[in-house]
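Visitor: My questions will all concern the structure given below.
The values are calculated or read from the model by the stated rules, or taken from the named source; none is laboratory data. Keep in mind that what you see is a predicted model, and the values were worked out from it rather than measured. When we count neighbours, we look across all protein chains shown, and the Cβ atoms used for this are built from the backbone with ideal geometry, even at glycine.
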Amino acid sequence: MTLTESMPEDMRQLLLASFSLPPGPQDPFLKDRLSKVSSMRFCDSRTVRRRADEALSLLADLADTTDESMPRSDPDAADWVLDAVEAVVRLDQLGVEVIERRTVRAARNGLERIELSLCVPPHRLDSGRADGIELEPLHGMRVLEIERVGLRFFRWTLELPRPLEVQECHDVAVRIRLGVDRPIAPHYVLTPLRPCRSFRLLLQLPPGLHGAHVQRVDGLSPRVLDDPVPVGSRIAGDRFGMFRCDFTHLRPGLAYGAAWLPAGSG
């Protein structure tokens with residue numbers, strides 16, 4: 001499978017048009033090729049140009065994930081897959097708390113370890129350790145090791161209670177806490193590096209953010225989330241400030257979840 005075949009269809013069309021690759025438009029000028037895509041997809045030229053830029057960024061991300069120097073959630077991605085992930089993210093208390101439940105499915109006999117990773121902004125008083133980040137096992141595994149890769153990426157090696165047989169499922173759960181002085185990005189996303197069948201996110205905002213503009217992040221390049229602009233359709237929360245998103249058949253390397261902007265943004 002090529003990198004473009006794993007991308008959403010609209011972004012794939014825009015990449016073919018950007019590089020004048022068949023079966024995309026073959027006009028000599030980029031603006032003319034994108035104009036044809038715009039007319040085919042019934043959207044304005046500014047939207048097409050923005051989506052073309054996102055497609056190029058996504059292509060770079062997908063290429064990066066094939067590089068052995070990039071962090072991976074497991075040395076051998078064929079060892080196991082994610083059947084289901086559910087995350088409850090609470091921002092309505094001191095610090096941030098995430099309770100995450102995962103159902104993993106073994107892809108080989110004798111699976112004994114899996115890995116879990118977290119990407120957060122660097123601490124202003126960085127010590128080189130996971131200061132202000134606590135992972136507590138709730139059930140289904142124990143922590144063997146924590147590794148830091150770069151300034152933002154943390155990875156935990158988790159030992160299962162017994163070896164799994166091929167196609168056997170196993171549930172694990174963890175609680176992750178970030179200290180009050182630990183910065184967070186205004187989004188929570190799952191970016192799977194292996195197949196993932198389903199993901200449910202429950203996001204609890206504090207009372208002061210109940211009117212925030214919360215957006216669904218559905219298969220975007222992680223780099224797009226760094227831009228302080230709306231990235232997806234707006235979702236409504238309940239009267240208590242809880243927002244819910246459900247996703248199925250997640251594509252490896254793309255981000256799924258929710259982002260929030262202050263009230264009145266977007």
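Visitor: Tell me yes or no: at least one residue of segment 137-154 is in contact with a Gly (Cβ under 8 Å, 6 or more places away or on another chain) and assigned to a strand (DSSP E or B).
Guide: yes
Visitor: Would you check which residues across segment 158-172 are in a strand (DSSP E or B) and in contact with a strand residue (DSSP E or B) (Cβ under 6 Å, 6 or more places away or on another chain) and list them?
Guide: Within segment 158-172, L158, E159, L160, P163, L164, C169, H170, D171, V172 qualify.
Visitor: Okay, moving on. Identify, please: which residue in segment 186-215 is small (G, A, S) and in a loop (DSSP other than H, G, I, E, B) and is, among those, surrounded by the fewest Cβ atoms within 10 Å (Cβ to Cβ)?
Guide: Taking the candidates together, the pick is G211.
Visitor: Has segment 103-124 got at least one residue that is within 30 Å of G208 (Cβ to Cβ), modelled with pLDDT of 95 or more and β-branched (V, I, T)?
Guide: no
Visitor: Would you mind telling me which numbered condition in (1) part of a loop (DSSP other than H, G, I, E, B); (2) modelled with pLDDT of 85 or more D218 fails?
Guide: The one condition D218 does not meet is (1).
Visitor: Mind checking which residues of segment 174-185 are buried (at least 16 other Cβ atoms within 10 Å of the Cβ) and modelled with pLDDT of 85 or more?
Guide: Residues of segment 174-185 that are buried (at least 16 other Cβ atoms within 10 Å of the Cβ), as a first pass: 174, 176-178, 182.
Hits for segment 174-185 are V174, I176, R177, L178.
Visitor: Looking only at residues that are part of a loop (DSSP other than H, G, I, E, B) and among the small types (G, A, S) in segment 173-185, which one is farthest from E134 (Cα to Cα)?
Guide: A185
Visitor: Go through segment 80-124 and report how many residues are in a loop (DSSP other than H, G, I, E, B) and of a type in the set (A, V, I, L, M).
Guide: Number satisfying all stated conditions: 4.
Visitor: Now for a different question. Considering only segment 149-171, how many residues are surrounded by 15 or more Cβ atoms within 10 Å (Cβ to Cβ) and under 19 Å from the mean Cα position of the chain (by Cα)?
Guide: 3
Visitor: Would you please name the residue that is modelled with the highest pLDDT, looking only at residues in segment 221-266 that are acidic (D, E) and farther than 15 Å from Y188 by Cβ?
Guide: Within segment 221-266, the first condition is being acidic (D, E), and the residues that meet it are 226-227, 238, 246.
Checking the rest, the ones that are also farther than 15 Å from Y188 by Cβ come to 227, 238.
Numbers: D227: 67, D238: 87.
The extreme case among them is D238.
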